[in-house]
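A quick write-up on the structure given underneath.
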Amino acid sequence: MPTTNIYITINNYPEPQETWYTMSKAAKLIDKIGRNNLFKFLRNEAILMHHNEPYQTYCDQGYFKLEQVPKYNGRGQLFCFFPVLFVSPKGIDFIKKQLQKKEAKNVQDD
């Protein structure tokens with residue numbers, strides 16, 4: 001089942017035109033950090049809560065969104081929904097800037 005159909009069926013409105021990336025893809029695009037270290041960095045910077053949910057202010061700024069994604073069992077039946085964190089292109093730029101600030105601070109501290 002295509003993602004677009006799931007999105008329209010669940011949320012009852014068309015898919016947004018802007019591209020959103022999973023944290024795995026975002027980490028690859030940032031190219032300096034792996035997915036788990038990216039989560040850890042964002043938690044340490046108080047951008048994500050301890051359970052990897054972004055603070056509302058960062059969602060309101062268009063950096064992140066948390067969506068409930070369907071999970072299917074082996075027979076193709078809907079099993080449950082689970083939260084998935086997505087990052088916008090604007091969010092990737094924001095994360096890159098935060099990483100650069102952290103690197104600059106670490107260089108100054110040395």
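Throughout, read-outs are computed from the coordinates displayed, never taken from laboratory work. In this text, all values refer to a predicted model and were calculated from it rather than measured experimentally. Don't worry about glycine lacking a Cβ; one is built from the backbone with ideal geometry, like all the others, and counts go over all protein chains shown.
Brief remarks on what is shown
- Electrostatic dipole magnitude of region 3-109 [Cβ: Lys, Arg +1; Asp, Glu -1; Cα centre; debye, to 20]: 340 debye
- For region 63-110 and region 21-49, distance of Cα centres in Å: 6 Å
- Neighbour counts of other Cβ atoms within 10 Å put Ser24, Ser88 in the fewest-to-most order Ser24, Ser88.
- Highest mean packing comes first when the peptides 59-68, 75-84 are listed by Cβ atoms within 10 Å, giving 59-68, 75-84.
- Which of Lys28, Lys97 has the fewest Cβ neighbours within 10 Å, and the rest in rising order: Lys97, Lys28
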